[in-house]
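The values are calculated or read from the model by the stated rules, or taken from the named source; none is laboratory data. This is a predicted model, so every value here is computed, not measured. Heads up, the Cβs are rebuilt from the backbone with ideal geometry, glycines too, and the neighbour counts pull from every protein chain shown. Surface accessibility is based on the protein's heavy atoms, side chains included, excluding ligands, DNA and RNA. Shrake-Rupley method; radii C 1.70, N 1.55, O 1.52, S 1.80 Å.
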Amino acid sequence: MPTVDDVQDALSNVIDPELGLDFVELGLVYEVEVDGGDVHVTFTLTSPGCPIGPQVTEQIKEYVGELEGVENVNSTMTCSPPWTPDMMSEDAKFALGY
């Protein structure tokens, strides 16, 4: 059975193509829920008008779905709360000069 940490590790493969950093480091993953083989990921984008939402949804399903024990992957994109650069990890802030 996957753990939240396993899912977070898998989500580190989801890369923002404009910034070149992963969604976890950017603070774009708001919540991960694991219930047996069912995984739900709540995420956001750097801006509400960002066109990569469908691409991100597919990548989440792909990478998380590869984990042993995962049967279903669902994701929800939210804009609440709005993302700010303060949500990034210290490594991401350093990489982007923030």
Quick one: accessible area per residue over region 1-88, 1.4 Å probe, rounded to a whole number of Å²?
-> 54 Å²
Antiparallel content of DSSP bridges confined to the chain, in %, to 5 = 55 percent
When the Cα centres of region 47-67 and region 26-43 are compared, how far apart do they sit, in Å?
-> 12 Å
Rounded to the nearest 20 debye, dipole of region 7-98 from Cβ charges on Lys, Arg, Asp, Glu | 360 debye
May I ask you to give the percent of accessible area on the chain that is carbon plus sulfur, with a probe radius of 1.4 Å?
-> 49 percent
Eigenvalues of the alpha-carbon gyration tensor of the chain, times 5 and square-rooted, give semi-axes in Å, largest first, of 23, 14, 12
